[in-house]
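S.K.: Sharing a structure with you now.
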């Protein structure tokens, strides 16, 4: 068992404790806030006071990737750095930092099949711009094919 495996074993479920099941809606026809993604359903964070529920399965008209960037997974990196430092000293902390890794965030324009009336009176598809973790993006892509 290598040094990285020992550190990851000691830290346990730090990576699983990350709240990666959030989609941040930044613009569009949905309330701009953090939305929970669970089982193909979007529900706004309870602290917003909104109770809207958006099903995505079979309701996505189109997906357009706007940007994709790599960001440091800070919670996981911090946990691995501390665990590595405690177990193996400064070299373990350095190894833990590099074992933390990066994750990808994707900004996507999602157009739903549901139509709404625009300000000019015409009908258009409901749409929103959202930032999400790569794992959620893959699930949303799968939902768009159903």
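The values are calculated or read from the model by the stated rules, or taken from the named source; none is laboratory data. Nothing here was measured: the structure is a model prediction, and the numbers come from that model. Here the Cβ is made from the backbone with ideal geometry for all residues, glycine too, and neighbour counts use every protein chain on show.
S.K.: Within the stretch 37-63, can you find the residues that are surrounded by 15 or more Cβ atoms within 10 Å (Cβ to Cβ) and farther than 17 Å from residue 114 by Cα?
M.R.: Listed by number, the residues that qualify are 37, 44.
S.K.: Of everything in the stretch 20-51, what is over 18 Å from the mean Cα position of the chain (by Cα) and farther than 15 Å from residue 127 by Cα? Give them in sequence order.
M.R.: Those that are over 18 Å from the mean Cα position of the chain (by Cα) and farther than 15 Å from residue 127 by Cα: 47, 48, 49, 50, 51.
S.K.: Ok, one more. Quickly run through the stretch 87-146 and pick out the residues that are assigned to a helix (DSSP H, G or I), farther than 20 Å from residue 68 by Cα and in contact (Cβ under 8 Å) with a residue 40 or more places away in the chain.
M.R.: Once the filter is applied, which keeps residues that are assigned to a helix (DSSP H, G or I), farther than 20 Å from residue 68 by Cα and in contact (Cβ under 8 Å) with a residue 40 or more places away in the chain, the stretch 87-146 yields 87, 88, 92, 95, 96, 99.
S.K.: Out of the residues in the stretch 8-30 that are more than 16 Å from residue 136 (Cβ to Cβ) and at pLDDT 90 or above, which is surrounded by the fewest Cβ atoms within 10 Å (Cβ to Cβ)?
M.R.: Out of the qualifying residues, it is 27.
S.K.: What single numbered condition from (1) more than 15 Å from residue 21 (Cβ to Cβ); (2) modelled with pLDDT of 85 or more fails to hold for residue 43?
M.R.: Just one mismatch for residue 43, condition (1).
S.K.: Right, residue 56: touching a helix residue (DSSP H, G or I) at 6+ places or on another chain (Cβ under 8 Å) and at pLDDT 85 or above or not?
M.R.: yes
S.K.: Next up: Quick test of your reading of the structure: residue 102 fulfils all but one of (1) under 15 Å from the mean Cα position of the chain (by Cα); (2) modelled with pLDDT of 85 or more. Name the failing condition by number.
M.R.: Tallying (1) under 15 Å from the mean Cα position of the chain (by Cα); (2) modelled with pLDDT of 85 or more, residue 102 fails exactly one: (2).
S.K.: Considering only residues that are surrounded by fewer than 18 Cβ atoms within 10 Å (Cβ to Cβ) and touching a strand residue (DSSP E or B) at 6+ places or on another chain (Cβ under 6 Å), which ones fall in the stretch 130-142?
M.R.: Across the stretch 130-142, the qualifying residue is only 134.
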